[in-house]
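Shown next, in structure tokens, is the structure this report addresses.
The values are calculated or read from the model by the stated rules, or taken from the named source; none is laboratory data. These numbers were taken from a predicted model, which means no experiment stands behind them. Glycine also receives a Cβ, built like all others from the backbone with ideal geometry; neighbour counts cover every protein chain displayed.
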Amino acid sequence: MKQSTLSFVLFCLLVTLFVSRTNAQSGGIKATLTMNNFEHGGSGSSGPSECDGKYHSNDTPIVALATEWYANGQRCGKYINIYYNDRSVQAKVVDECECKDIVDASVAVWKALGVPKSLWGEAPVTWSDA
């Protein structure tokens, strides 16, 4: 294969990857990211998670989804992609949040998304099934 043909093929692959990532971000479901403490005795933790009856480390990327997205537990144990600005993270669904349009996330999710600590609390995100 000629150098110019190989360069063109690589360029097309990069464009395809960029477009697919951009589409995933823009096509995601709009939500508000909030912070939850999934550990035993942690503030905001009302008990073990709905999905498995266990507490989880805040160092693990996990979330509780709003009731309408939790879908009666159909997303339990499954992963979602969360997008904030130009970053994304996969997080495991472990619980339900009885709020509307909320993705309630562990500290690990906030860190992975690179949200400045000064903005921790609420942030606009989009998400999709992984």
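Annotations for the structure displayed:
- The lone criterion from (1) part of a loop (DSSP other than H, G, I, E, B); (2) modelled with pLDDT under 95 left unmet by L10 is number (1).
- Here S88 meets the list (1) within 12 Å of the chain's Cα centre (by Cα); (2) closer than 25 Å to H40 by Cα almost entirely, failing just condition (2).
- Yes/no for L65 being among the aliphatic types (A, V, I, L, M) and modelled with pLDDT under 95: no
- The set of residues in the range 89-100 being surrounded by 12 or more Cβ atoms within 10 Å (Cβ to Cβ) and either free of Cβ contacts under 8 Å to residues at least 12 places away in the same chain or farther than 20 Å from S57 by Cα (or both) consists of C99 alone.
- Members of the range 61-99 that are among the hydroxyl-bearing types (S, T, Y) and under 17 Å from W120 (Cα atoms): Y83, Y84, S88
- Total residues in the range 34-72 satisfying the condition of being more than 19 Å from K111 (Cβ to Cβ), touching a helix residue (DSSP H, G or I) at 6+ places or on another chain (Cβ under 9 Å) and among the hydrophobic types (A, V, I, L, M, F, W, C): the figure is 2.
- Filtered residues of the range 17-46 (kept if at pLDDT below 50 and either touching a Leu at 6+ places or on another chain (Cβ under 6 Å) or β-branched (V, I, T) (or both)): V19, T22
- Of all residues in the range 67-88 being of a type in the set (V, I, T) and within 18 Å of M35 (Cβ to Cβ), the one that is surrounded by the fewest Cβ atoms within 10 Å (Cβ to Cβ): I80
- Scanning the range 78-105 for residues that are among the acidic types (D, E), within 19 Å of Y55 (Cα to Cα) and in contact with a strand residue (DSSP E or B) (Cβ under 7 Å, 6 or more places away or on another chain) yields D95, E96, D104.
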